[in-house]
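Derivation of every value follows stated rules applied to the coordinates shown; laboratory data play no part. The shown structure was predicted, so the numbers you read here are calculated from the model rather than taken from an experiment. All Cβ positions, even for glycine, are placed from backbone atoms using ideal geometry, and neighbour counts span all protein chains on display.
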Amino acid sequence: MGAAMRRIQAGNALSAFGLGFTVPYLYVYVAQVRDLGAGTAGAVLAVFAMAALVVLPFTGRVIDRRGPLPVLVGGALLASVGALAMGVSGSVPAAVLSATLLGAGTAVMQPALATMIVWCSSPTTRTRAFATQFFLANLGLGVGGLIGGQLVDESRPGSFTLLFSIEAVMFLVLAGIALTVRLPRPGALVGVVPQDPQDAGDGAAGPGPVAGGGRGGGMRALLSHRAMLQLCVLGFVLFFACYGQFESGLAAYGTEAAGIDPSTLGIALAANTAVIVIAQFVVLRLVERRKRSRVIAAVGLIWALAWVIAGYAGLGHGSQLMATVAFISTYALFGLGEAMLSPTVAPLVADLAPASMVGQYNSAFALVKQLALAVGPAVGGPMGAALHGPYIVTFVLFSLGITALALRLGRQLTPVQDQPSLATASRVVVRHQPETGSEAALAPTR
């Protein structure tokens, strides 16, 4: 890992650490600490998500034209202002405005960071780079949430102001670290199409453009890229069936159907994070030399099993202890699937992107993720609370759908896109292949 990548990963970890201080407590802060009511708290969370949906369609083009660094720094500064404002918000307009700034800032940071990782990696190192990013982000969120839980006090609004201030400082630290990163020159990445297929894995920005995917191709080029469209559909189902249910439908199902104590939800989330942190690099060794489509297909099967276990927790007739263990195991299995996805999905987005559209591809996928996170709770929340059997059946089917979509996507990928380790092997063969007699005769002398 080079110096630029180390700084990018450090900034990513510190910003996640800051987010961990506030994300678990935002609803409680608005509704109870500031006494603005549950309706306002729900509106603040909705505005947080909507702000991301508004800015992401424009973020990718700015990244591709101006580079990811100014976008990341601008997003971090915007998020810092939003966090500080949220910490002192005492009225509905102030809370909503703060959530808008915070949501927009954190949203544009995601594709900017992803693009910086792409620029500082090659297809053969990208898998490990994105796995490291996911590992550090979860570790930062977990540690931040743990420390924040010790500092927070619902009877003291000042304790929440402290949490949001720490978050704001972490965003500033991210901006400061980013400004010290020396990125490859855009001219070395944009518009370069390898002439030799064996060299296609060497460029930091992945394969050459698809048809119509050169500079200025924009959304039309992306929409004409069948593999990317299929990956976006797959990504929506992934985020809808997992992340979109964590704190909404699955939590409602656990408390209503399984009789899980609300405090157990925290333990379940901790188990999810623990599995990711512990298993990430063990899983990485197992998946980085396997086909990405097969790995994602396996995640669908693991999550289908997780939903079946959740069904047992709420619909079975075991003891409360068994229901609790089953429910926690559901979150743990989700964590295993997440650890398998981190070195596959994000690098695949980058490898599918034309050199001049890396930012737009990353932003499009981030937009799909935000849509799934917005729709997921709206659909899963009411179902998880009232329609227990249909809820489980629905998401077992969605998980099996992940497997089917992943296998179908695999047929649209080149061998190297599906399994980047093949690029390394092919280059070794080419470099060590002995010259034939005719080739030796034509070779220039020195």
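The stretch 354-381 and the stretch 294-340 have Cα centres lying 25 Å from one another. Inverting the pair-averaged 1/r between distinct Cα atoms of the stretch 340-428 gives 15.7 Å as its Kirkwood hydrodynamic radius. Label positions at Ser319 and Arg411, each projected 7 Å from the Cα along the C-beta direction, are separated by 5.0 nm. Here the label points at Val169 and Ser224, each 7 Å from Cα along the C-beta direction, are separated by 5.2 nm in the simple model.
Using just the C-alpha positions of the chain as equal point scatterers, what log10 of I(q)/I(0) does the Debye formula give at each q in 0.09, 0.12 1/Å? Relative scattering, expressed as log10 I(q)/I(0), comes to -0.59, -1.03. Computed from label points 7 Å out along Cα-Cβ, the spacing between Leu397 and Glu256 is 1.9 nm.
Computed over every Cα-Cα pair of the stretch 69-181 and binned at 10 Å starting from 0, the pair-distance distribution P(r) comes out as 14, 37, 33, 12, 3, 0 percent.
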